[in-house]
1. Angle between the Cα long axis of helix 49-61 and the longest principal axis of the chain, 0 to 90 degrees, nearest 10?
2. Looking only at Cα atoms, what is the convex hull volume of segment 229-270 per residue, in Å³?
3. Compute the helix-to-body angle for 229-240: its Cα long axis versus the longest principal axis of the chain, expressed 0 to 90° and rounded to tens.
4. On a 22 Å Cα-Cα criterion, which of the cross-link pairs K96/K210; K49/K96; K210/K255 come out too long?
5. Take every Cα pair under 8 Å in segment 229-270 that's 6+ residues apart, average their separations, divide by the length, and report that relative contact order as a whole percent.
6. Based on the Cα coordinates of the chain, what is the per residue volume of their convex hull in Å³?
7. Is it possible to state the helix-based mean residue ellipticity at 222 nm for the chain, with each DSSP H run of 4+ residues giving -39500 (n - 2.57), the sum divided by total residues, to the nearest 500 deg cm²/dmol? What is it?
8. Specify the angular offset, from 0 to 90 degrees and rounded to the nearest 10, of the alpha carbon long axis of helix 159-176 from the longest principal axis of the alpha carbons in the chain.
Amino acid sequence: MSTLPDRIATARSLLFVPGDRPDRFDKAVSFGADLVIVDLEDAVAAEDKDRARDHAAAWLALGNRAILRINPPGTPWAEADLGTAADHGCPVMVPKAEDPAVLADLAARTAGRCDLIPLVETALGVERAHDVCATPGTTRAAFGNVDLAAQLGVAHDDHAALAYARARLVVASAAAGISPPVDGVTTAVRDVVVLTADIAHARRLGFTGKLCVHPSQLPAVASGFAPSAEELRWARARLDAGGSVTTVDGEMVDKPVLDRARRILALADEGRPVPHE
């Protein structure tokens, strides 16, 4: 059985559920997402945040497992949110992640019991992406396209406008030696065409998973981040050619190409993405 850090590192689909809707917690798990995120931040109004935290704590106390998206450090609810996560050894998604010192402090105060998933969704977070990803305790980063777009004054579904930020987070994750990041949300909940395009764009840039806001998005995300039949054919053909420099289908094959082929086959064998080497 895989450990929770392994599940975080390899998850393709991560489904949000509002913390003030405990009636949806078990349903969220039943839909088959790789991981469920109980959201205490954006999905919960200020007057309901304490109640939402209590609901999450009660559900986690029953032995359920989920990521807890806490409120941003420095807000009135952050300390209690972090305490709940620490009590249950719950992974923590940290919104507005941009300061490695803050992340290191969170990791220290949970005594290593809580894996951190920094949600990079500010301009400063993008510019500090490597330091954020390299903070001890960080298992994987996620991209917050909606909040970042609002700060930049661009559309959150504009691939070109956010391409730099996405690419920077992918490169920063690789440089820090952690798993490839999780892409942000597609707010067009029922539009499969838009969702499919978003997945293809994120995959092309190097993302290996996606944040989901509705269960209907899960099947497309699961299949969209899996190797295609053509990718598997490409990988097998190159590995079958042997370990020396050669050509296949008119393409030079050397060690970096073989490494990529092995990674593609590993995705298929495990049914999950693999970390950067």
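1. Tilt relative to the chain: about 60 degrees.
2. On the way: hull volume 2.4 nm³, N = 42.
Taking the convex hull of the Cα positions in segment 229-270, it is 58 Å³ per residue.
3. Around 50 degrees separate the two axes.
4. Values: K96/K210 18 Å; K49/K96 18 Å; K210/K255 30 Å.
As for pairs spanning more than 22 Å Cα to Cα, those are K210/K255.
5. Computed value for segment 229-270: 42 percent relative contact order.
6. Details: hull volume 37.5 nm³, N = 277.
Dividing the Cα hull volume of the chain by its residue count gives 135 Å³.
7. -14000 deg cm²/dmol
8. Computed tilt is about 90 degrees.
The values are calculated or read from the model by the stated rules, or taken from the named source; none is laboratory data. The structure presented is a predicted model; accordingly, all values stated were derived computationally and were not measured. With ideal geometry, Cβ positions are generated from the backbone for all residues, glycine too; neighbour counts draw on all protein chains shown. Accessible surface areas use protein heavy atoms only, side chains included; no ligands, DNA or RNA. Shrake-Rupley method; radii C 1.70, N 1.55, O 1.52, S 1.80 Å.
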